[in-house]
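Working notes, beginning with the structure itself.
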């Protein structure tokens, strides 16, 4: 199953205009966090924030809807988000925590839940939201994309980053500049080339733009908790949905990309194994 185990697949978007103004696509991550905070399901969340304009993601603890919205938007360089979990549970004293994480980070969280000496932190996590991720880039690579390939004076000139329709996009003054994805190969983090998970299979709820129309997100609810929280947000009128079989390009594209990542990175793992290079333990 290229998409992993899930309960329901839907195309969705936030109904909150403030979220949609700053969201990457349908604003599902922000909408779910705001709902969970308002309903007391979580007391705060660990996210990738950007406290300045250089696009460097910084692990950030948010405890209000305003702080969630201020941190909205995808950053395409790795954020050591999980490092803020201890801050959330100790300095902030949070007993119910949400986390927004990439597939590789979710693998670490689920492993941590299996070890007794880490449970005093990870057992306080009540909602794991996963974001689709094909690859991630060092900040130096993003600088190269902006200045050498797209002609920006600086990466700080960009107001939004996105990946879609076969290109890496930077927005400046309301205009989008695109770089073909094939030109970004070789610039990604080395670990991305052996990761087998595109759709955050270990999340409570995973989401991303692929499969849905512009301005919407494809949502996969995976666990009982994730499914119930998502449905409660829909019932409260904070999220609107459409069946996946009523939207284009739909799940076939998501399945194609997820399978493609598994196939491509399986070959790279086999190549590295023959060279005697270490590989991550996934059991």
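Quick note: the coordinates plus some simple rules give every number you see, no bench work behind them. Bear in mind the structure is a predicted one, so any value in this text is a computation, not a measurement. Counting neighbours? That spans all protein chains shown, and the Cβs are built from the backbone with ideal geometry, glycine included.
Some observations on this one:
- Shape of the range 41-166, Cα gyration tensor, a/c cut at 1.5: prolate
- Binned Cα-Cα distances of the range 120-160, short to long, each 10 Å bin given as a whole percent: 23, 31, 22, 18, 7
- Between residue 87 and residue 117, the modelled label-to-label distance comes to 2.5 nm, taking each label 7 Å out from Cα in the direction of the beta carbon.
- In plain terms, the chain from residue 214 to residue 7 could stretch by 72.1 nm, reckoned as 0.36 nm per residue minus the Cα-Cα distance.
- Result for the chain in a Gaussian network model with C-alpha springs under 10 Å: among 19, 229, 181, the largest mean-square fluctuation is at 181.
- Each of 218, 159 has some number of other Cβ atoms within 10 Å of its Cβ, and from fewest to most they run 159, 218.
- Gaussian network model of the chain, Cα within-10 Å springs - most flexible of 220, 155, 106: 155
- This ranking places 23, 83 by how few other beta-carbon atoms lie within 10 Å of each, fewest first, which gives 83, 23.
- Taking a ≥ b ≥ c as the square roots of the eigenvalues of the alpha-carbon gyration tensor, the range 183-277 is classed prolate because a/c is 1.5 or more and a/b outweighs b/c.
- Whether the range 137-187 is rounded, prolate or oblate, judged on the alpha carbon gyration tensor where a/c under 1.5 counts as rounded: oblate
- Gain on full stretching of the segment that runs from residue 64 to residue 273 - 0.36 nm per residue minus C-alpha separation: 70.7 nm
- Based on DSSP H segments of at least four residues, each scored -39500 (n - 2.57), the chain has a per-residue ellipticity at 222 nm of -8500 deg cm²/dmol.
- The computed Cα extents along the principal axes in Å for the structure shown corresponds, within (i) 63, 41, 39; (ii) 64, 64, 33; (iii) 48, 46, 42, to (iii).
- The ranking of 132, 187 by Cβ neighbour count inside 10 Å, starting from the fewest, reads 187, 132.
- log₁₀ of I(q)/I(0) at q = 0.18, 0.26 Å⁻¹ - the range 1-55, Debye sum with one point per alpha carbon: -0.82, -1.11
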